[in-house]
Amino acid sequence: MILQVSGVSKWFGGLKALTDVTFSLQEGQILGLIGPNGAGKTTLFNVINGVYKPSEGAVNFRGVDITGMKTYEIARMGLARAHQIVRPLNELTVRDNVMVGACFGRENHALGGARVIADEVMEFVGLEKRADQLASNLNIGQKKRLEMARALAARPYLLLLDEVLAGLNPAEITRMIDIVHKIRERGTTIVMIEHVMQAVMSVSDQVLVLDFGKPIAFGPPGEVANDARVVEAYLGDPELAKQLLAPSSDESEQDA
Amino acid sequence: MSLRNLRNPGLWITVLAVALLGLWPIVTQRASTREEIFTVMLSVVLASSLNILLGYTGYVSFGHIVFFGLGGYVGLYLIIVQGWSLWPSMIAGGLAAGLLALLLGQAILRLRGSYFALATIGINEAMRAFINNFEPFGGPTGLSLNFQTYNQYGGAANALWLIYYIVLILAVFNIFLSYIVKTSKFGLGLMAIREDEDAAEVMGVITPRSKTWAYVLSAILPGVVGVLFFFKNGNIEPPQAFRLHLSIELLVMVMLGGYGTVFGPLLGAVGYQRLRGLLLTSDLFKNIQLAVAGLLLLLIILFIPAGAVGWLRQRFPVVRRFIP
Amino acid sequence: MCLSPSSQPSVEKIGSSLSKAVFRGGYMDILAFLTDGLLIGFVYGIAAMGLTLIWGVMNVINLSHGSIIALGMFALYFLFVSLGINPYIGVVLVAVLGLLLGMVIYAVAIHRVINAPHLSTLLATFAVNMIIIGLGTTAFSTSPRNVDFSLGSMSIGPVTILGTRAVAAIASVLITAALYYFLYRTTLGKYVRAVTDNRAAAELMGIPSARVLAFSFGLGTMLAAIAGGLIATFFPFTILSGTTYELKSFVIGVLGGVGNPLGALIGGLILGTFEGIIPYFLPTSWVPVLEFILFVVILLVRPTGLLGAKK
């Protein structure tokens, strides 16, 4: 098991954002994390990568208990993350952005090695032509790919992708899904939060559904899609429910 | 840091600029020119040091002068009371400043944005008020050097030249330091912190450590030149040593030249001191030089916030190669 | 600008010398120390309120605060000395001038950088400070002035209360009440609070945020100018005196919580009491040491202020 989340709960004051979340993930798999808005998906990411300390429960990463460890310590152990709201280092070039990932991530490269990796990763996500531009000059699709490239440059064992498809146009979505497939082929384990259901259902090995911070279903995509509780959770959003039940229907962009 | 970095023409252009400026008084052998360039070189060291924290790391220190003042006090105390010679005192002054930054860094670098800026003001003021009460450092009257002390260095006139040479060397050294930091992995981490500290942490930058070392690096040379300045000055008093206004002048220099660049603080220091000199010698502006400097600062903030070098680099990307 | 403590009349020194004048010995004189401190604390509170109002509304730390306090002192001085206007009518005029000045400063120096990183607004307001101090030094020199005005004094046991200080304290309470009335009972006040809470949302609701911000800045400088005017009725001052009160306002701001007017007043009283009591145990020169250490410690422990920020 590369990741084990056991009995994690998180309160913010009186608000319980996560309730007793438990799951584990095998190396090389993709876990889709879905649920209505405000279900606690991003909070769960924040607990996993150390932004928040869980109020209860523990997170175990590659056999090490990382509960309460600092974000950067966890990052250096090989856990990288792409944010939902892109956070480019605006006044640095695209190459420098990606090099930060390589320099301070798991492999802790010196600048020379990081440069080689950055060039490789930029080519992988299709940003090689933008290498010397300032990150602030990229468009949203490119910024999303930069976010991804930075995470990949760390050569992580586990990659947390938070809505990397949100805000992209259909062509960019196809391109990004392609990138996700390629990452998986390299053997990197992925947890992805996604609203574009067709994407989640098609790439995930396992799907975890959160509703009001509680896990309500966990299993292969086909099983989860037919789970009565899942359908119920999405009833407030019939459009989503429809998509969930018929994964192969339309591919329209779903805003976060 | 690799040798490849040292081949950057921009670094050598910057070093050459400092060296030429610094050699000018040596060629002319005029004391008045030396005094003028001394002030400029002192500003270069202070502004360039501040830039490591302000420009690279993005932490605004309003009270950076505390390191200059503390260094000066420690150095003069060792020279006057303990009878040390200038050299070890200089080093001790730098170490004292670095140590203060190391200790402070553990605490106040947790604060973000304006809160950090305010804390640095608080610390400078607390230090000034404390030294005012600290008898070993002479309390409110401070410490004064016996004129005979200069005899060890070939008399007062020679001592002044000696101090000038040291400050010149420190200025050149500081340019190298600033450049090396900027082009190193450590510097990349600092700039990541400047742009988005939380994102930097998620990418594995050990932010508390990086910030603390940036703070320490930006404090040591101000401590060293503090010793030199007050040794030259002959005495040190709390209001001179911890002059908040000087602290902010340094910010102006960094902003004027372009923060986060190697060349910017140099240009800013030269430009600001030159302007100040002009204003002070002009009958029209002598009295309102502070107001004119304020107006200049305001215009920079409002219209070219990236500073001169930053503006050039944005406007003409090709400049990036030649002006680091 | 020179920050030499000897070149500006220090509140602590004057405060303690007055206290010594009414010294009765024993534990009784602590009452005198305390009263002095408390009464000045009210005025500190008004000064700090001006600083934290701006800080709270637009997240700008106004580094021209001290120079505006000093301008308030000078405005009152000239109204009194040159025009012979009663100081308390003078304070009202000073308030109006302070409001207008603040709105001008906002329009010229702040508005353009209101959304820029905090360094820009810090430096922009500091630039304004330099301009005011530079022009002020030229116009008024740095020699001390004094508003020669007295309301007599009143003695209760060991405690002597100067009339001017008592009036200043009462005025401070009234101003705080008026500020609350304004913020919670008037439309414009509600706009100010809305912009404080969420500027973007306020704009969507049709609130003219630029004008509200300009007005709020004016309100902050108005309070600073009033504080300056009130202080001028009992302490001598120079154009550089504002710095001391600006630094005290920072301390009070973090003590009382940003954007919390009542917090500022209470913070002012705490600081005043603190300044009143310390000289009883230690030489007065230790007061600023302890003040600034307290300031840094509060920043570290509770950056939202001991009394909580009003959000």
> When you take every Cα atom in chain A, what is the radius of gyration, and what is Dmax, the widest Cα pair distance, in Å?
Replying inline: 17.7, 54
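If Lys and Arg each add +1 and Asp and Glu each add -1, what is the summed charge of the other residues whose beta carbon sits under 12 Å from the beta carbon of B:Glu197?
Values: positive: A:Arg87, B:Arg110, B:Arg112, B:Arg194, B:Lys211; negative: B:Glu195, B:Asp196, B:Asp198, B:Glu201.
So the surrounding residues net to +1.
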> When the chain is fully extended, how far beyond the present Cα-Cα distance does A:His181 get from A:Asn169, taking 0.36 nm per residue of separation?
Replying inline: 2.5 nm
> What size of dipole, in debye to the nearest 20, comes out for segment C:5-301 about its Cα centre when the only charges are +1 on Lys and Arg C-beta atoms and -1 on Asp and Glu C-beta atoms?
Replying inline: 380 debye
> Residues in segment B:299-324 near a label at B:Asn8, defined as backbone nitrogen under 20 Å from the 7 Å Cα→Cβ point?
Replying inline: B:306-324
> Could you give the nm distance between label points at B:Asn146 and A:Ile85, where each point is 7 Å from its Cα heading toward the beta carbon?
Replying inline: 6.5 nm
>> Could you tell me which residue out of C:Leu97, C:Leu162, C:Ala202 lies farthest along the dipole of chain C toward its positive end? Charges go on the beta carbon: Lys and Arg +1, Asp and Glu -1, centred on the Cα centre.
In response: C:Ala202
> Ordered by residue, what ³J(HN,Hα) values in Hz, to whole numbers, does segment A:98-112 give under the Karplus form 6.51 cos²θ - 1.76 cosθ + 1.60, where θ = phi - 60° and Gly and Pro are x?
Replying inline: 5, 5, 4, x, 6, 5, 10, x, 4, 8, 6, 6, 6, 4, x
> Based on the mean of other beta carbon atoms within 10 Å per residue, what is the order of C:200-211, B:185-196, most packed first?
Replying inline: B:185-196, C:200-211
> If you roll a 1.4 Å probe over the heavy atoms of the protein chains, what accessible area per residue do you get for the protein assembly as shown, in Å²?
Replying inline: 38 Å²
> Under a point spin-label approximation (7 Å from Cα along Cα-to-Cβ), what is the B:Gln314-B:Trp84 distance to one decimal in nm?
Replying inline: 4.4 nm
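Between their Cα atoms, which of A:Lys182/B:Lys211; A:Lys70/B:Lys211; A:Lys129/B:Lys185; A:Lys41/A:Lys144 are more than 27 Å away from each other? Please list the in-between numbers first.
On the way: A:Lys182/B:Lys211 37 Å; A:Lys70/B:Lys211 16 Å; A:Lys129/B:Lys185 23 Å; A:Lys41/A:Lys144 19 Å.
From the list (A:Lys182/B:Lys211; A:Lys70/B:Lys211; A:Lys129/B:Lys185; A:Lys41/A:Lys144), the Cα-Cα distance tops 27 Å for A:Lys182/B:Lys211.
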>> With a cut-off of 8 Å between alpha carbons and a minimum separation of six or more residues, what is the relative contact order of segment A:79-229 in percent?
In response: 24 percent
>> At 0.36 nm per residue, and after removing the present C-alpha to C-alpha distance, how many nm does the segment from B:Leu299 to B:Phe176 gain when stretched out fully?
In response: 41.2 nm
>> Am I reading the B/C interface right? What is its buried accessible area, both sides, 1.4 Å probe, to the nearest 100 Å²?
In response: 3900 Å²
>> In segment B:236-265, whose amide N lies under 19 Å from the spot 7 Å out along Cα-to-Cβ of B:Leu160? List them in ranges.
In response: B:236
> Got a sec to turn the phi values of segment C:185-192 into Karplus ³J(HN,Hα) couplings, 6.51 cos²θ - 1.76 cosθ + 1.60 with θ = phi - 60°, whole Hz, x for Gly and Pro?
Replying inline: 10, 10, 4, 4, x, 5, 4, 4
>> Expected output is a single nm value to one decimal: the length gained when fully extending between A:Gln26 and A:Ala228, i.e. 0.36 nm times separation in residues minus the C-alpha distance. What is it?
In response: 70.1 nm
> How large is the charge dipole for segment B:3-321, taken about the Cα centre, if only the Cβ atoms of Lys, Arg (+1) and Asp, Glu (-1) carry charge, to the nearest 20 debye?
Replying inline: 840 debye
> Using the beta-carbon distance between C:Phe182 and A:Lys53 and R0 = 35 Å, what value does 1/(1 + (r/R0)^6) give for FRET efficiency, to the nearest 0.05?
Replying inline: 0.25
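Take every residue in peptide A:97-110, count the Cβ atoms of other chains within 10 Å of its Cβ, and give the average of those counts. Before the final figure, lay out the partial values.
Working: counts 5, 0, 3, 11, 4, 4, 8, 12, 3, 1, 0, 2, 1, 4.
So the per-residue partner count for this stretch is 4.
Averaged over peptide C:282-289, how many Cβ atoms belonging to another chain are found within 10 Å of each residue's Cβ? If you can, show how the numbers build up before the last one.
Values: counts 1, 1, 0, 6, 4, 1, 7, 10.
What the average comes to for C:282-289 is 4.
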> What size of dipole, in debye to the nearest 20, comes out for the protein assembly as shown about its Cα centre when the only charges are +1 on Lys and Arg C-beta atoms and -1 on Asp and Glu C-beta atoms?
Replying inline: 1560 debye
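Report for the protein assembly as shown the percent antiparallel among DSSP-assigned beta bridges with both residues inside it, nearest 5.
Values: 27 of 44 bridges.
About 60 percent, rounded to the nearest 5.
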>> For chain B, set up a GNM with springs between Cα atoms under 10 Å and report which of B:Arg30, B:Arg209, B:Arg110 has the largest fluctuation.
In response: B:Arg30
> Considering only chain A, what is the antiparallel percent among its DSSP beta bridges, to the nearest 5?
Replying inline: 55 percent
> If you take the charge dipole of chain B about its Cα centre, with +1 on Lys and Arg Cβ and -1 on Asp and Glu Cβ, which of B:Ala129, B:Ala192, B:Gly234 is farthest toward its positive end?
Replying inline: B:Ala192
>> How far apart, in nanometres, would the label points at C:Ser150 and C:Ala107 be if each is projected 7 angstrom from Cα along the Cα-to-Cβ direction?
In response: 4.5 nm
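The values are calculated or read from the model by the stated rules, or taken from the named source; none is laboratory data. Quantities reported herein were computed from a predicted structural model and do not represent experimental measurements. FYI the Cβ positions are ideal-geometry reconstructions off the backbone, even for glycines, and counts take in every protein chain you see. The protein model used for the area step is the full one, side chains on, heavy atoms only, and it has no ligands, DNA or RNA in it. Shrake-Rupley method; radii C 1.70, N 1.55, O 1.52, S 1.80 Å.
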